[in-house]
Amino acid sequence: MDILVSGSLAYDRIMDFTGKFSDHIMPDKLDNINVSFTVNGMSENFGGTAGNIAYCLTVLKENPRVLATIGYDYHRYYEWFSQHSISTDDVCIIESEATASAYITTDSSDNQITGFNPGAMKYGSGFDFSDIKPSECIAIVAPGNLEDMASYTDMHKEKGIYSIFDPGQSLPVWDGSALARSISRSSLLVSNDYELSLILDKTGLTMDGLRTSINTIVTTKGEHGCDIYTGSGDPLSIPVINTDNVIDPTGAGDAFRGGLIKGLIEGVSIERACQMGTVCSHYVIQSYGTQKYSFTSDDFNRKLTESFGSY
């Protein structure tokens, strides 16, 4: 099975702020913000949507193909991928740019402010689909180069590849009609609840209109779990797994997507696939950074059964 993971590769610089952002932002001054948050320190981690999802799939014993660009400072990331047996064959090196960088600050209430330098992500990854067999392939289009996101979605549709569309952090730069088109040409839309609101605002669609344009919508809601929309009925809700030692929420969404893809590959129901994604999120939030967690197959299956019952 070819698992095509398109998106970004980035170095994440993660910082913690001990207070709350809301205590330092005055509601009546939102048009004139000038604030500085002193953090406890900074940790550099391997990240980016494609890297994070691919890492999770590798922990789940899959072999994803990463469709992304990386800059001249790729050597550390390639060494990391090599340690975890993640292929770099489909990654495009852009020698004139640095690798994309995210600067993520999390406050004491797990709110986050992120600054992002796209760097090499400004260039397309140029993947060749000629040898892909649609019946033996699943793809996710995660936030990354905008032209890749649109063209890969079109290619998946034309070839009949099951395609998950995950616009996420790229939403601010999308044109509404182009966004609606990419959603309608995909098999499944995944986002968090805030991003879903942005999607509706950008496209001008109602929730009913969005539901008629795509078969399945999965919406994550942080501590409130996730909702699954299929057909015209009420959404199906999946609860979170209570986790006592939450250290860092960064990367929980990408880990969820890795578990979701694993479930779809195994042919389980969309409900079970989202439960599998929830288990992956449970593990990632217990470590600092997006690719620092690990678990065995036995660990995963035990937690899945313990939390959601046998399948």
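Table for the structure above
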read-out: Meets criteria (buried (at least 17 other Cβ atoms within 10 Å of the Cβ), without any contact (Cβ under 8 Å) to a residue 60 or more places away in the chain, under 30 Å from SER307 (Cα atoms) and under 14 Å from the mean Cα position of the chain (by Cα)) for VAL190; value: no
read-out: Leading residue by the ranking (surrounded by the fewest Cβ atoms within 10 Å (Cβ to Cβ)) among those in region 49-73 that are touching a Gly at 6+ places or on another chain (Cβ under 7 Å) and of a type in the set (S, T, N, Q); value: THR49
read-out: Region 241-259, residues that are crowded, with 22+ Cβ neighbours inside 10 Å and of a type outside the set (Asp, Glu); value: THR250, GLY251, ALA252, GLY253, ALA255, PHE256, ARG257, GLY258, GLY259
read-out: Qualifying residue in region 101-120 (condition: of a type outside the set (S, T, N, Q), modelled with pLDDT of 95 or more and part of a helix (DSSP H, G or I)); value: yes
read-out: Residue list for region 235-259, restricted to those being in a loop (DSSP other than H, G, I, E, B) and closer than 12 Å to LEU304 by Cβ; value: ILE241
read-out: Residue selected from region 215-240 under the condition buried (at least 18 other Cβ atoms within 10 Å of the Cβ) and hydrophobic (A, V, I, L, M, F, W, C), by the criterion farthest from ILE140 (Cα to Cα); value: VAL240
read-out: Candidates PHE21, PHE17, PHE46, PHE37, filtered to the one that is of a type in the set (Phe, Trp, Tyr) and either within 23 Å of the chain's Cα centre (by Cα) or loosely packed, with under 11 Cβ neighbours inside 10 Å (or both); value: PHE46
read-out: Number of the condition not met by LYS159 [criteria: (1) surrounded by fewer than 17 Cβ atoms within 10 Å (Cβ to Cβ); (2) more than 26 Å from ILE217 (Cβ to Cβ); (3) in contact with a helix residue (DSSP H, G or I) (Cβ under 6 Å, 6 or more places away or on another chain)]; value: (2)
read-out: Candidate set: region 281-300, residues that are assigned to a helix (DSSP H, G or I) and in contact with a helix residue (DSSP H, G or I) (Cβ under 9 Å, 6 or more places away or on another chain); chosen: the one nearest to ASN63 (Cα to Cα); value: PHE300
read-out: The lone exception for LYS20 - which of (1) under 17 Å from PHE116 (Cβ atoms); (2) at pLDDT below 95 it fails; value: (1)
read-out: Residue check for LEU179: touching a helix residue (DSSP H, G or I) at 6+ places or on another chain (Cβ under 9 Å), aliphatic (A, V, I, L, M) and within 28 Å of ILE238 (Cβ to Cβ); value: yes
read-out: Some residue of region 81-91 being of a type in the set (Phe, Trp, Tyr), touching a residue at least 40 places away in the same chain (Cβ under 8 Å) and assigned to a helix (DSSP H, G or I); value: no
read-out: Residue under evaluation SER125, criteria (1) assigned to a loop (DSSP other than H, G, I, E, B); (2) over 26 Å from ASP2 (Cβ atoms), criterion not met; value: (2)
read-out: Residue match in region 18-37 (condition: under 30 Å from PHE129 (Cα atoms), assigned to a loop (DSSP other than H, G, I, E, B) and either in contact with a strand residue (DSSP E or B) (Cβ under 6 Å, 6 or more places away or on another chain) or free of Cβ contacts under 8 Å to residues at least 60 places away in the same chain (or both)); value: no
read-out: Some residue of region 260-280 being exposed (fewer than 15 other Cβ atoms within 10 Å of the Cβ), in a helix (DSSP H, G or I) and charged (D, E, K, R); value: yes
read-out: Of all residues making up region 222-234, the number that are modelled with pLDDT under 95 and not in a helix (DSSP H, G or I); value: 4
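Quick grid of which residues meet (1) buried (at least 16 other Cβ atoms within 10 Å of the Cβ); (2) free of Cβ contacts under 8 Å to residues at least 60 places away in the same chain; (3) of a type outside the set (S, T, N, Q); (4) farther than 30 Å from ASN245 by Cβ:
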residue: THR99; (1), (2), (3), (4): yes, no, no, yes
residue: ASP107; (1), (2), (3), (4): yes, no, yes, no
residue: ASP110; (1), (2), (3), (4): no, no, yes, no
residue: PRO134; (1), (2), (3), (4): no, yes, yes, yes
residue: TRP174; (1), (2), (3), (4): yes, yes, yes, yes
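The values are calculated or read from the model by the stated rules, or taken from the named source; none is laboratory data. These figures come from a predicted structure and were not determined experimentally. Using ideal geometry, Cβ is built from the backbone for each residue, glycine included, and neighbour counts are taken over all protein chains shown.
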